1. Do any GluC sites (Glu not before Pro) in segment 1-88 lie in a DSSP loop with no more than 13 other beta carbon atoms within 10 Å, and if so, which?
2. How big is the Rg/Rh ratio for the chain, C-alpha atoms only, Rh by Kirkwood, two decimals?
3. Return the long-range amide H neighbours of Ile48 (sequence gap of 5 or more, or a different chain), with a cut-off of under 5 Å between placed amide H atoms.
4. Can you give the longest run of the chain that contains no chymotrypsin sites (Phe, Trp or Tyr not before Pro) sitting in a DSSP loop with at most 10 other Cβ atoms inside 10 Å?
5. Round to the nearest 0.05 the FRET efficiency obtained for His64 and Thr44 when R0 = 30 Å and r is the Cβ-Cβ distance.
6. Loop only by DSSP, 10 or fewer other Cβ within 10 Å of the Cβ. Give me the trypsin sites (Lys or Arg not before Pro) in segment 25-74 that pass, ordered by residue number.
7. Which residues in segment 3-33 have a backbone N closer than 20 Å to a point placed 7 Å from the Cα of Ala104 along the Cα-to-Cβ line?
8. If you roll a 1.4 Å probe over the heavy atoms of the protein chains, what accessible area per residue do you get for the chain, in Å²?
Amino acid sequence: MYGMTKTMEISVGHCLDLPYSSPCERQHGHNLKIGISIQGYELTEYGILIDFAKIKDIVQKLDHQNLNSILPINPTAENIAKWIYDEIEKFLECEKYPESIRVARVSVQESDGNMAWYEL
């Protein structure tokens, strides 16, 4: 099995829709640390799983954005991780990557000590 991880940092703003009182209900920002791990049993014809730049292009759609305006979900760290996961999976499918190449895990760190992830 081959594996790779792309890490990057983006700046975002958001507010959360919560069923309880929280400061996170107010508009605020984070410098998110994103980690995307890809794995597969075979490589593309170019000897890679996926170009790091392709992952960056997908994640950059969120950079310096109000996530409430561009995501169809409550922009929690968990939901952001799932959204990135789904977007990369769609890209792999549309671009006809080998079927064994999959997203293994997406992590989203909002601050020191606070990280969420999505994986299958």
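1. On the way: sites: Glu9, Glu25, Glu42, Glu45, Glu78, Glu87; in loops: Glu42, Glu45.
For GluC sites (Glu not before Pro) across segment 1-88 that sit outside H, G, I, E and B with at most 13 neighbouring Cβ atoms in 10 Å, the list reads Glu42, Glu45.
2. Numbers: Rg = 15.2 Å, Rh = 15.0 Å.
A ratio of 1.01.
3. The answer is none.
4. Numbers: sites that count: Tyr20, Tyr46.
The longest such stretch corresponds to 47-120.
5. Details: r = 31 Å, r/R0 = 1.03.
The formula returns an efficiency of 0.45 here.
6. Working: sites: Arg26, Lys33, Lys54, Lys56, Lys61; in loops: Arg26.
Of the trypsin sites (Lys or Arg not before Pro), the ones in loops of segment 25-74 whose Cβ has at most 10 other Cβ atoms within 10 Å are Arg26.
7. 3-9, 33
8. Values: 7130 Å² over 120 residues.
Accessible area per residue: 59 Å².
The values are calculated or read from the model by the stated rules, or taken from the named source; none is laboratory data. These figures come from a predicted structure and were not determined experimentally. Note that we place each Cβ from the backbone using ideal geometry, even for glycine, and neighbour counts take in every protein chain shown. These area figures cover heavy atoms from the full protein model, side chains too; ligands, DNA and RNA do not enter into them. Shrake-Rupley method; radii C 1.70, N 1.55, O 1.52, S 1.80 Å.
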